[in-house]
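The values are calculated or read from the model by the stated rules, or taken from the named source; none is laboratory data. Nothing here was measured: the structure is a model prediction, and the numbers come from that model. Don't worry about glycine lacking a Cβ; one is built from the backbone with ideal geometry, like all the others, and counts go over all protein chains shown. Just the protein is used for accessible areas: all its heavy atoms, side chains included, with ligands, DNA and RNA removed. Shrake-Rupley method; radii C 1.70, N 1.55, O 1.52, S 1.80 Å.
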Amino acid sequence: MVDNYRDYNLTADQQAIKAKYPPLNKKYEYLDHTADVQLHAWGDTLEETFEQCVMAMFGYMTDTETVEPLDTMEVEAEGHDLLSLLYNFLNEWLYKFSADQFFVPREVKVLYIDRMRYKIRSIGWGEEFSLPKHPQGTEVKAITYSAMQIYEEETPEVFVIIDI
């Protein structure tokens, strides 16, 4: 297992921003995977588990506790089953960062998951990524279906491999 503490060598300004807000409740970890990283996220509900998976992805790219909730971003996705819904959901959030507005969330809330039509709606609070303000982690190039798993017994959990 990978050490889940990622040392971003925060500057004094970044530490000051981090100190302004309560610590985030992180229910995720990073698992070793050949040439990539596997995200393992869990929560009390499937909605919280999906939220934590998005935050795990962004947490690999930067210290999300240095992000201020200055703006909001809504993300919707749909699929043909739960796996494709999770894949498309993560892909839409990644798009908001890498191709659209360089938005990085401090927090993501899933408003609902429609299990009949496989649709999801979420909102994130954050800001535009800025190198002087946010430490640079590892770029996430893509979400993969490889070994993607969703478990809903007892504590919901998901496993997703991201291409870095």
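Does the stretch 1-59 hold any residues that are of a type in the set (Ser, Thr, Tyr) and within 25 Å of residue 130 (Cα to Cα), and which are they? Hits for the stretch 1-59 are 5, 8, 11, 21, 28, 30. Residues of the stretch 35-53 that are modelled with pLDDT of 95 or more and touching a Phe, Trp or Tyr at 6+ places or on another chain (Cβ under 9 Å): 38, 39, 40, 41, 42, 43, 47, 48, 49, 50, 52, 53. Of all residues in the stretch 1-53, which are touching a strand residue (DSSP E or B) at 6+ places or on another chain (Cβ under 8 Å) and aliphatic (A, V, I, L, M)? Of everything in the stretch 1-53, those that are touching a strand residue (DSSP E or B) at 6+ places or on another chain (Cβ under 8 Å) and aliphatic (A, V, I, L, M) turn out to be 1, 2, 24, 31, 37, 39, 41, 46. Against the test of being open to solvent by 50 Å² or more (accessible area, probe 1.4 Å), out of contact with any His (no Cβ under 9 Å at 6 or more places or on another chain) and acidic (Asp, Glu), the options 51, 47 yield a single qualifying residue, 47. Taking each residue of the stretch 140-155 that is in contact (Cβ under 8 Å) with a residue 24 or more places away in the chain and looking for partners that are open to solvent by 30 Å² or more (accessible area, probe 1.4 Å) and of a type in the set (Gly, Ala, Ser) with beta-carbon atoms closer than 8 Å, six or more apart or interchain, yields 140/98. Only strands (runs of 3 or more DSSP E) wholly contained in the stretch 1-80 count here; list those with 3 or more residues that are touching a residue at least 60 places away in the same chain (Cβ under 8 Å) and among the hydroxyl-bearing types (Ser, Thr, Tyr). Those strands (runs of 3 or more DSSP E) do not exist here; none qualify. When the stretch 84-101 is filtered for residues that are open to solvent by 10 Å² or more (accessible area, probe 1.4 Å), modelled with pLDDT of 95 or more and more than 24 Å from residue 25 (Cβ to Cβ), the ones remaining, listed by number, are 87, 88, 91, 95. What number of residues within the stretch 115-140 are assigned to a strand (DSSP E or B) and buried (at least 18 other Cβ atoms within 10 Å of the Cβ)? Residues meeting the conditions: 5.
Output yes when any residue across the stretch 106-114 is touching a Leu at 6+ places or on another chain (Cβ under 6 Å) and open to solvent by 50 Å² or more (accessible area, probe 1.4 Å), and no when none is. Within the stretch 106-114, not a single residue is touching a Leu at 6+ places or on another chain (Cβ under 6 Å) and open to solvent by 50 Å² or more (accessible area, probe 1.4 Å).
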